[in-house]
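Taken together, the values in this text are just the output of simple stated rules run on the coordinates, not laboratory data. The structure displayed is predicted, hence computed values, not measured ones. Note that we place each Cβ from the backbone using ideal geometry, even for glycine, and neighbour counts take in every protein chain shown.
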Amino acid sequence: MAEPLRDRNAGAAGLAWALLPPLDYLPPVRRNAVDGFFQFPPGMNMEAIEAEVEAVITESMRSRPVIPLIGRRVMVPWQLGEYGVEADTPVAISILLVHHRRDLYPDPFAFRPERWYDHNPGTYEWIPFGGGIRRCLGAALAMAEQRVVLEAMARRLDLEADRPEPERARHRNVTMIPARGARAVIRRRT
């Protein structure tokens, strides 16, 4: 399924990861979110649907950031707590570790879109696009792309994992992609 998607760009990799929870490691949560909300039952509040879509995407990007590590070079001497670095020192920030801090995210390894229902991601706690002046220029496009594609797929297709075990990650260039390409059995809804 994601073979055409997985090697193209970070946005496509994010989309592949967003499709995985319904398929493998936490199917009941995502299936409820995708199947229940994207079918647009009569009388369903569009704001509630949009909020659920947003929560699912945000949680996908928290639990499986496409770019797990970012680097910067300190321009002036810098101190963080008891640690100090001289100017021109490279430093690295692990997006993956920030997104799995227990003090920020209770039960950090669980896929829980509901953690975002009444909470917007914080500037320094949810950083799948990096941050500051070097934040990803394509962040808004990547989020919009995921909203459109996930909604369209979920309205028309039933997805099922091709294997029961969770998909592992592998590095490709600077991105972390599904090792097997987010393979799925796809059936058109009738």
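Below, the figures for the structure above:
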| read-out | value |
| --- | --- |
| Cα-based equivalent ellipsoid of segment 77-190: semi-axis lengths in Å, sorted from largest, via gyration tensor | 34, 17, 16 |
| Sequence-distant residues sharing a close amide H with MET176 (under 5 Å, placed H) | ILE67 |
| Linear extension gain, ASN173 paired with ARG187, 0.36 nm per residue minus alpha-carbon span | 1.8 nm |
| FRET efficiency, 1/(1 + (r/R0)^6) with R0 35 Å, evaluated for ASP88 and ASP162 via beta carbons | 0.10 |
| Net +/- balance of residues flanking ARG134 in space, Cβ distance below 14 Å, scoring K and R +1, D and E -1 | +3 |
| Protection proxy ranking, peptides 158-164, 50-56, average beta carbon neighbours within 10 Å, highest first | 50-56, 158-164 |
| Cleavage-rule hits, chymotrypsin sites (Phe, Trp or Tyr not before Pro), segment 71-176, DSSP coil, Cβ neighbours within 10 Å at most 15 | PHE109, TYR117, TYR124 |
| Pairwise label distance in nanometres, ALA144 with ASP107, each label 7 Å out on the Cα-Cβ vector | 3.5 |
